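Here is the structure we will look at.
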Amino acid sequence: MTATLLALDTSGPHCAAAVLIAGELRASRFEEMAKGQAERLFPLLEEVLADAGVGFADLSAISVGTGPGNFTGIRIAVSSARGLALSLGCPAIGVSSLEAAAYGADGPTVAALDAKRGNLYLQGFSTKAPQPAQLTTFDALPEGLAQPGLTCIGSAAEALAAQIGAALAAPAYTQAEAIARIAAARLASDPEACARSRPAPLYLRAADAAPAKDAPPALLDP
């Protein structure tokens, strides 16, 4: 069976999407934007699908970036993915920004994303000491993070690599393509589990004290 996946991500100051068909990237778009993702997302999805020569009805699954990152952006993407999947009758598969950043890397890797104000999100992959997804600071890095042969990847990777003496590498794929590829592998490995999945936002920090003026999008359940 040929799988056609649409990936979307608004977990940061951007709006991104990609279409993967039978393991081949057919279309990808990325637009930087500090706000306006809710208004731009669906037109962007329609554009990337048109670039790939497919429509919503052709999709085998929706894949979505679940964060960590911007609260409102994550909720926009996750609620949109769940709503689309519900209307199309296909799975919605969530993929974290940290996993997407590290996807395709060889050897022990730490995905490190800038969380602003001296904070960073990080997660270890194939590291000696388990490093689950976490929010930390450069002054309070987890024990056992540094190890021989370690590579740092992500928006906070340069500063982290310099501090712990690790190598620096760029992500192997764009965020949206990595999300699509990870989701495609999960769909091929366990389609039943994917059919039952309900993506949820990955929040590693408390919300800012000041509440948003507009209510966040609702997360839909069948």
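The values are calculated or read from the model by the stated rules, or taken from the named source; none is laboratory data. Since the structure is predicted, the reported quantities are computational estimates derived from the model, not experimental observations. For neighbour counting, all protein chains shown are included, and Cβ atoms are generated from backbone atoms with ideal geometry for every residue, glycine included.
Tabulated values for the structure
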item: Residue among Ala27, Ala34, Ala18, Ala7 that is outside any helix (DSSP H, G or I) and at pLDDT below 95; result: Ala34
item: Given (1) out of contact with any strand residue (DSSP E or B) (no Cβ under 9 Å at 6 or more places or on another chain); (2) of a type in the set (Asp, Glu); (3) touching a residue at least 40 places away in the same chain (Cβ under 8 Å), number of the condition Asp58 does not satisfy; result: (1)
item: Candidates Ala133, Ala105, Ala140, Ala100 - the one that is at pLDDT 95 or above and closer than 15 Å to Val64 by Cβ; result: Ala100
item: Test: residue in segment 56-69 that is among the aliphatic types (A, V, I, L, M) and surrounded by fewer than 23 Cβ atoms within 10 Å (Cβ to Cβ); result: yes
item: Matching residues, segment 173-196, being buried (at least 16 other Cβ atoms within 10 Å of the Cβ) and over 13 Å from the mean Cα position of the chain (by Cα); result: Ala184, Arg186, Leu187, Cys194
